[in-house]
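Structure record follows, encoded as structure tokens.
Read-outs throughout are calculated quantities, based only on the coordinates presented, and are distinct from any laboratory measurement. Just so you know, these numbers come straight off a predicted model, no measurement behind them. Please note: Cβ atoms are built from the backbone with ideal geometry, for glycine as well, and neighbour counts cover all protein chains shown.
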Amino acid sequence: MNNPSPSILLIYTGGTIGMIENPETGALENFHWEQFQQHVPELKRFNFHIDSIMFGPPIDSSDMEPKYWVRIAQIISKEYDRYDGFVILHGTDTMAFTASALSFMLENLGKPVIFTGSQLPIGQLRTDGKENLLTSIEIAAAKTADGQPMVPEVCIFFENKLLRGNRTTKINAEGFNAFRSYNLPALAKAGIHIKYDTHLIRRPDPTRPFCPHYLMDSNILILTLFPGMRREIIDGILQQQGIKAVILQTFGSGNAPQKPWLFDRLRELDRQGVILVNVTQCSTGTVEMGRYETGLQLLQAGAINGYDSTMESVVTKLMFLLGHGYSKERIIELMNTDIAGEITLTE
Ligand code: ASP
């Protein structure tokens, strides 16, 4: 049986969706929640109990940091039993990082946590924010025939697709279709009906409790490889003190230029206990380090496979695992494990 009146908590962190154009300067400024509600009178038409919490002050998502991910996780954890689902209003620029981080931090999540935002402010006539918000609320409240939450996952809903948060990347700075999940189909599509692809949706282990985590360690570096990289520059960066993990953004199926100085430096880092992860610059497909000599050498230098991870997912997963203070061996083991639906393991 469906719950007759689901309870939803809206958490507004910032971003375009909650902004309005200052008529004098033309710049976008933040709304107050009351003003926001005036622009979405449809909120009152839901047969749901909707509460809201606003970040004060709201944060442009370019300024999002692990400490704010922790704040979101703490709010959800504190309010977990009171609500059927959570809708997080967030700037689009780094939404995929926050959604990825939360997918790891909210272990064994049993309720929907749906991120959304918009390309045009909610006060503008052609805004995409209204539809994104209203459909996200519906998804957060949706139940299966036996009364279970339809999507107990951290997701991003945008335009008309519900995407797994840790599979999603922002791909468009202009159009309303701002997000894409290249390596996993949408969990739902919203048209006249919202159609869920139920076999893709993850479910929590009913024998284990919801377990939030709050420690993140951001001592990591992303190194995007490119033809013509200079030893003096790259070596200087890689010799910085305090780096605990290096994400190598490689070519194609995980390949690097065959430069002995690069492999020597990576082997040295590996010996020092730094974790090296190989992620491809390609949007679709996966890393296969045994496929070419240029990839094999990375494997031999100690790099581990990032599979078909998004950059957002591999960054936040490393922060999450380093935050636990695990040994290098344990982190490598968990990087090779699908812990929140973030990678496709090919065996
Ligand atoms: N700069 C904004 C942000 O990410 C853009 C947006 O919300 O779309 O906060």
**OP:** Restricting things to alpha carbons, find the Rg to Rh ratio for segment 28-67 using the Kirkwood radius for Rh.
**Re:** 1.05
**OP:** Express the relative contact order of segment 152-243 as a whole percentage, based on alpha carbon pairs under 8 Å and six or more residues apart in sequence.
**Re:** 20 percent
Original post:
GNM, the chain, Cα, under 10 Å: largest mean-square fluctuation among G85, G236, G15?
Top reply: G236
Subject >> Rg/Rh (Cα only; Kirkwood hydrodynamic radius) as it applies to segment 197-347 >> reply: 0.99
**OP:** Would you please classify the overall shape of segment 41-173 from the alpha carbon gyration tensor, given that a ≥ b ≥ c denote the square roots of the eigenvalues, rounded means a/c under 1.5, and beyond that prolate means a/b larger than b/c while oblate covers the rest?
**Re:** rounded
Original post:
Using modelled amide H (1.01 Å from N, peptide plane; none on Pro or chain starts), what sits under 5 Å from the amide H of F115, excluding residues fewer than 5 places away?
Top reply: I88, C155, I156, F157
**OP:** Relative to the compact-globule scaling 2.2 N^0.38 Å, provide the ratio for the alpha-carbon radius of gyration of the chain.
**Re:** 1.04
**OP:** Could you sort 26-37, 191-202, 290-301 so that the peptide with the highest average Cβ count within 10 Å comes first and the rest follow in order?
**Re:** 290-301, 26-37, 191-202
Original post:
So between Q35 and K189, what do we pick up on full extension, going 0.36 nm a residue minus the alpha carbon distance?
Top reply: 52.5 nm
Original post:
Extension gain Q300-F210, at 0.36 nm per residue separation less the Cα-Cα distance, in nm?
Top reply: 28.5 nm
**OP:** Compute the separation of the alpha-carbon centres of segment 297-347 and segment 197-222 and state it in Å as a whole number.
**Re:** 14 Å
Original post:
Mind checking the alpha-carbon convex hull of segment 95-150 and giving the volume per residue in Å³?
Top reply: 76 Å³
**OP:** Would you mind working out the magnitude of the charge dipole of the chain relative to its Cα centre, with +1 at each Lys and Arg C-beta and -1 at each Asp and Glu C-beta, to the nearest 20 Debye?
**Re:** 440 debye
**OP:** Treat each spin label as a single point 7 Å out from the Cα along the C-beta direction, and report the Y326 to Y292 distance in nm.
**Re:** 3.0 nm
Subject >> Cβ charges +1 (Lys, Arg) and -1 (Asp, Glu), total dipole of segment 25-151, debye >> reply: 200 debye
**OP:** Provide the packing ranking of 270-277, 205-212, 258-265, 179-186, i.e. peptides ordered by the mean count of other C-beta atoms within 10 Å per residue, highest first.
**Re:** 179-186, 270-277, 258-265, 205-212
Original post:
With r defined as the distance between the Cβ atoms of M229 and N172 and R0 fixed at 45 Å, what FRET efficiency is calculated, to the nearest 0.05?
Top reply: 0.95
Original post:
What list of whole percents do you get for P(r) of segment 308-347, with Cα-Cα distances grouped in 10 Å bins up to the one holding the largest distance?
Top reply: 29, 58, 13
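Mean 1/r over all different Cα pairs, inverted: what Kirkwood radius does segment 56-95 give, in Å?
Roughly 11.1 Å, rounded to one decimal.
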